[in-house]
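Undergrad: Sharing a structure, written as structure tokens. Questions coming.
The values are calculated or read from the model by the stated rules, or taken from the named source; none is laboratory data. Since this is a predicted model, take the numbers as computed values, not measurements. Neighbour counts run over all protein chains shown; Cβ positions are idealised from the backbone, glycine included. Surface areas here come from the heavy atoms of the whole protein model, side chains and all, with no ligands, DNA or RNA. Shrake-Rupley method; radii C 1.70, N 1.55, O 1.52, S 1.80 Å.
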Amino acid sequence: MRPGVAPTATVVSLSLLVLGAGQPPPPLPARMADTGGGSQLITAVAPGPGSTSGTVTWWDLRGGRWVAAGSAPARFGAKGLAEGAARRQGTNTTPTGLYGLPYAFGIEAAPRGTAYTYRPVRRNSWWCQDNHSRSYNRWTEPRAADCRAAEAEHLIGYRAQYAHALVVGFNYHRPVRGRGAGIFLHVNGRGATAGCVSVPKDAMRRMLRWADPARDPHLAIGTRGGRTAITRY
């Protein structure tokens, strides 16, 4: 081979590499193991498991490609994030994983255009977190007799956080006692959460107007990399 002359195959390969170098990476949902099977998805991503802040993005599947519909800063548990399947109640960690969104609720009226079932919070609305109650990890109105008040959230007492919220299907359909209860996507409070994901109020309202239960939206929670990487879910 003469110096300075590359075979044709090599030239083609190098050209493809140069062309590919400028291409943006696939959108996050396209790199995930599962998106829930619907055509809407919310991703909540933290830099690492010890992080208390990150980003929430909501996505639409259009023509076979995921397109971001909106984004907002997010807050996570005061103790960071933990693998959902191994999380323990009372640890102030946000469970990582892929979850359905059963219904919405709020102290304030649903934003105009909300398609989700939206349950109004009343003075006798509670969320039971009592591991010994038959109402564990369920809305109870009034508070169930076997659910201790000290082991339940009186929803109306969180006027800022629960102005609007979506129930996250973590440990919801077949609850495991001690794993955790009352995980929501809700409006920001004063700081990190007790295990939920929170966003600014305007972002929460935008998501409620955007979310369409007929399109089966899910929420994926995870980190950028490592054992709890969002791409694993």
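Undergrad: In this structure, does residue 181 turn out to be without any contact (Cβ under 8 Å) to a residue 12 or more places away in the chain, closer than 19 Å to residue 98 by Cβ and either surrounded by 20 or more Cβ atoms within 10 Å (Cβ to Cβ) or small (Gly, Ala, Ser) (or both)?
TA: For residue 181, the condition - without any contact (Cβ under 8 Å) to a residue 12 or more places away in the chain, closer than 19 Å to residue 98 by Cβ and either surrounded by 20 or more Cβ atoms within 10 Å (Cβ to Cβ) or small (Gly, Ala, Ser) (or both) - is not met.
Undergrad: Answer with yes or no whether residue 114 is farther than 30 Å from residue 224 by Cβ, hydroxyl-bearing (Ser, Thr, Tyr) and part of a loop (DSSP other than H, G, I, E, B).
TA: yes
Undergrad: Same structure again: Hey, can you tell me all the residues within region 20-56 that are outside any loop (DSSP other than H, G, I, E, B), open to solvent by 20 Å² or more (accessible area, probe 1.4 Å) and either of a type in the set (Asp, Glu) or closer than 20 Å to residue 208 by Cβ (or both)?
TA: 55
Undergrad: Also, quick follow-up: Do we find that residue 189 is assigned to a loop (DSSP other than H, G, I, E, B), open to solvent by less than 10 Å² (accessible area, probe 1.4 Å) and out of contact with any Lys or Arg (no Cβ under 7 Å at 6 or more places or on another chain) in this structure?
TA: Taking the combined requirement at face value, the residue does not satisfy it.
Residue by residue, here is whether (1) touching a residue at least 40 places away in the same chain (Cβ under 8 Å); (2) surrounded by fewer than 22 Cβ atoms within 10 Å (Cβ to Cβ) holds:
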{"residue": "72", "(1), (2)": "yes, yes"}
{"residue": "86", "(1), (2)": "no, yes"}
{"residue": "102", "(1), (2)": "yes, yes"}
{"residue": "116", "(1), (2)": "yes, yes"}
{"residue": "119", "(1), (2)": "no, yes"}
{"residue": "124", "(1), (2)": "no, yes"}
{"residue": "137", "(1), (2)": "yes, no"}
{"residue": "144", "(1), (2)": "no, yes"}
{"residue": "153", "(1), (2)": "no, yes"}
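Undergrad: Here's another thing I want to ask about it. Could you list all residues from region 192-228 that are part of a strand (DSSP E or B), over 13 Å from residue 57 (Cβ atoms) and either open to solvent by less than 10 Å² (accessible area, probe 1.4 Å) or in contact with a Phe, Trp or Tyr (Cβ under 6 Å, 6 or more places away or on another chain) (or both)?
TA: 198, 223
Undergrad: Just give me the residues in region 126-135 being surrounded by fewer than 19 Cβ atoms within 10 Å (Cβ to Cβ) and over 14 Å from residue 171 (Cβ atoms), in sequence order.
TA: If the condition is that a residue be surrounded by fewer than 19 Cβ atoms within 10 Å (Cβ to Cβ) and over 14 Å from residue 171 (Cβ atoms), then 132, 134 are the ones that fit.
Undergrad: Related question: Test of understanding: among 165, 145, 149, 160, which residue is at negative phi and either touching a Lys or Arg at 6+ places or on another chain (Cβ under 7 Å) or at pLDDT below 95 (or both)?
TA: The unique qualifying residue is 149.
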